[in-house]
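Reading through the structure tokens given below for one structure.
Just so you know, all these numbers are worked out from the coordinates, no wet-lab data involved. The shown structure was predicted, so the numbers you read here are calculated from the model rather than taken from an experiment. As a convention, Cβ positions derive from the backbone with ideal geometry for all residues, glycine included, and neighbour counts pool all protein chains shown.
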């Protein structure tokens, strides 16, 4: 796979995380891995955590995209 494709996939994954955490989808926040963070941080802070992860992924994807051009 080429670097621009990987960068776009990272951006999409980050956007997906941001969107699902913002909309507070039960199927997303009740997943096995998210339940750990919900138990530790509480649901609202876990949503903020996943939004932060999504922003981080989008930024990494954008940087990777511009570096690969």
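Per-structure values
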read-out	value
Scan of the stretch 39-69 for residues that are within 15 Å of residue 19 (Cα to Cα) and under 11 Å from the mean Cα position of the chain (by Cα), ordered by number	47, 48, 49, 50, 51, 52, 53, 54, 55, 56, 57, 58
The stretch 1-44: number of residues that are loosely packed, with under 12 Cβ neighbours inside 10 Å and part of a helix (DSSP H, G or I)	10
